[in-house]
Structure formats: C-alpha cells, structure tokens
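Everything below concerns the one structure shown next.
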Amino acid sequence: MEYIKQSFSFEVKEPTVLSFGKFDGLHRGHELLMEYMAEKKREREGLKAVVFTFDIPPRGQVQNEKAQVLTTNQEKVKLFESVGIDYLIECPFTKDVMCMEPEGFIEKIVTSLNVKFMVVGTDFRFGHKRRGDYQMLQDYAGQYGYEVKVVDKMQADGRDISSTFIREEISKGNMEKANQLLGYSFFVDGTVLHGKKLGKAVLGVPTINLLPPEGKLLPPFGVYVTITEFQGKKYPGITNVGCKPTIEGEHPVGVETHLFDVSEDMYGAKVRVSFLSRVRGERKFDSLEALKFQMGQDILYGKNYFGANCLAWEAGLGLHG
C-alpha cells in the first residue's frame, strides 16, 4: 500500500474506486464500504482502491477540541493494509482545505485520483460548512464520469455503528461490546520501554511497559485481560492501564502488561496489546504486599478467562489480525 500524507498535491494515474471518511477505528460500520471496493477491484482489472481521509479528525480542528482517537494514524495505516487498500491519502486539514467549496473539492478529487467509482455512507459530508453530501456526488457523477454507491449505516442495538458509539463503550470499560462493534479487539500499538523493573524486582511479576501514543483513547484505568502480539506470535496476559498509585512518586499514564509464563526479551520491540475484558478498576493499596496479593488474583482471573475462552484466544486479534 502506498501511504500519501502531509500534502494536498496527490495523484493516482490508474483508475480508482474511492471512499472518503475519518475511518477512526475502521469498524464494522465500514465493512460494506470496504467490501464494495474489493468487489469493484475483482470486477475490473487494474482498478485501485483509494481511501481519502484527514490527518486529524476534522471536528477537532473546527471546534478546537483535543480529539481522542480509536486508532492513531500509524495504527490506521496497518488496518488499511490488512484489508487490501492500494492508496491511503491522509490529507492535512488546513484552513484552505476546510474552506474549499464542495464543488471544487469534487473536481480536485476526481481529476487527481482518476475516480471511476465512489462509495460513501448516507451521513458523508464534505466541503465548506459541510454543504457537500452523497446527493451532490450523484449530481456531478455524469459530468465527471464516475458512479456512486451509497451505503446505509450498519446498526447494532437499534443504533448506528459509529466511532462515537464505540468510544462510549470503551470509556465505560465495556470491551466486549466495543470489540463486537469494531469487528476485532481494540488495541494499542507501541514500543516496549525500559521501565524501573518494579514488577519483577519488587513484586515478582515481570511486565512489559508501553507509553501510549499521544491522542490515543484508552479504557478507564484498571486491569484488563489482554493478548499481546510480538513478532507474529500472540501471548495471553493481563494489562494495567494507569499511573501506579501504590508505587511512590509520579508516574505517567502507561500500559503495563504481564504475559503468562513468558520470558522473552521484548525491550525495544514493537508490540500490539489487544483488550478483551475488564477485570477491575485501578486503586491504591495500603502496601506492596497487598498489591502483590491482588496481582496474583488478577493473574489467576486472567488464566481462568483464557481457559474458559480458548476459542476467543485462538481467534487472537480478529478480523484485522
């Protein structure tokens, strides 16, 4: 996959099928869009699949919000690679782009990307003051020579599946529900850091530590059943998200994972930690001995979880691997 970013000067010479959107999470609500693109590629030899998105969520720019995302830009790249996208265009959301009239946006996209087919959801909006919609795309289709496929929103529990819906569930610690909506397990990618080795030296429980990417949404502080992927292998374990309130001193928000019966050296390695289920909330213990005892209980809970959910474990990270 070719990844084009930090520029509004992009070009694809091959004929393309295109989809637009924020695609935060690339969740089940996006499945029909991806399936349509794959179908068109099968039907027409030489057709390339293009996804056009922005380098930050547009609402964060417009409303000056600090957006927390389900997937960082780098995580998003890996997801799109896994579903067969040929070009990912991550356009900078500058003031000029934000103020572009929708008609001009259509002309720019269609001519620069040689668009023959488009696939969008019914809620898709673009251009200055969000004046553009799927109906405008249909109105200009004859003029520019492309076809438009409009996909209805997929629903769960009588509600549209959306990034907002999923963020709400993650923010409540409802990982099973969030994962159901995503179509895979919510994850954090990162590099294993050299910590203070308190887990192994003080508590007798070795851990690996990640510093979550800036802007990444995290579940509520606490302990979770997780799967960690390292060099193509998947390891069950438990993960604490939080600031280590029992340990003296100030600690940044971290993702600290104990892998069951694993002794591999992962320092400096890229890993993915996927969250399956919430065990308990984070709390401050009266002593390190009390914390050590609770960690033993958490580990037992995690091992029992995988014993009872072996099929879920074997399924690993789900749809996007």
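Computed quantities for the displayed model
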{"read-out": "Residues satisfying the stated conditions in region 129-144, i.e. open to solvent by less than 90 Å² (accessible area, probe 1.4 Å), part of a helix (DSSP H, G or I) and not small (Gly, Ala, Ser)", "value": "Tyr134, Met136, Leu137, Gln138, Tyr144"}
{"read-out": "Region 251-268 residues that are in a loop (DSSP other than H, G, I, E, B), paired with ones that are of a type in the set (Ser, Thr, Tyr) (beta carbon under 7 Å, 6 or more apart)", "value": "Val262/Tyr235; Gly268/Thr191"}
{"read-out": "Tally of residues being farther than 20 Å from Leu211 by Cα, part of a strand (DSSP E or B) and touching a residue at least 60 places away in the same chain (Cβ under 8 Å) across region 271-289", "value": "1"}
{"read-out": "The listed residue being more than 26 Å from Val225 (Cβ to Cβ) and without any contact (Cβ under 8 Å) to a residue 12 or more places away in the chain, out of Gly121, Gly158", "value": "Gly158"}
{"read-out": "Residues of region 67-115 satisfying the condition of being in contact with a helix residue (DSSP H, G or I) (Cβ under 8 Å, 6 or more places away or on another chain), surrounded by 15 or more Cβ atoms within 10 Å (Cβ to Cβ) and in a loop (DSSP other than H, G, I, E, B)", "value": "Ala67, Gln68, Leu70, Thr71, Val83, Ile85, Phe93, Met100"}
{"read-out": "Residues that are free of Cβ contacts under 8 Å to residues at least 60 places away in the same chain and crowded, with 22+ Cβ neighbours inside 10 Å, drawn from region 28-47", "value": "His30"}
{"read-out": "Hey, Gly190 among the small types (Gly, Ala, Ser), under 21 Å from Asn73 (Cβ atoms), surrounded by 18 or more Cβ atoms within 10 Å (Cβ to Cβ) and in contact (Cβ under 8 Å) with a residue 60 or more places away in the chain or not", "value": "yes"}
{"read-out": "Pairs where the first residue, in region 1-27, is open to solvent by 20 Å² or more (accessible area, probe 1.4 Å) and the second is of a type in the set (Phe, Trp, Tyr), C-beta under 6 Å, 6+ apart", "value": "Glu2/Tyr87; Ile4/Phe10"}
{"read-out": "Residues within region 112-162 that are among the charged types (D, E, K, R), touching a Lys or Arg at 6+ places or on another chain (Cβ under 7 Å) and under 22 Å from Pro92 (Cβ atoms), tallied", "value": "0"}
{"read-out": "Of the criteria (1) under 26 Å from Phe93 (Cβ atoms); (2) open to solvent by 20 Å² or more (accessible area, probe 1.4 Å); (3) touching a residue at least 24 places away in the same chain (Cβ under 8 Å), which one Ile170 fails", "value": "(2)"}
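The values are calculated or read from the model by the stated rules, or taken from the named source; none is laboratory data. Predicted model only: the values in this text are computed from it and were never measured. FYI the Cβ positions are ideal-geometry reconstructions off the backbone, even for glycines, and counts take in every protein chain you see. Keep in mind that these areas ignore ligands, DNA and RNA; they rest on the heavy atoms of the full protein, side chains included. Shrake-Rupley method; radii C 1.70, N 1.55, O 1.52, S 1.80 Å.
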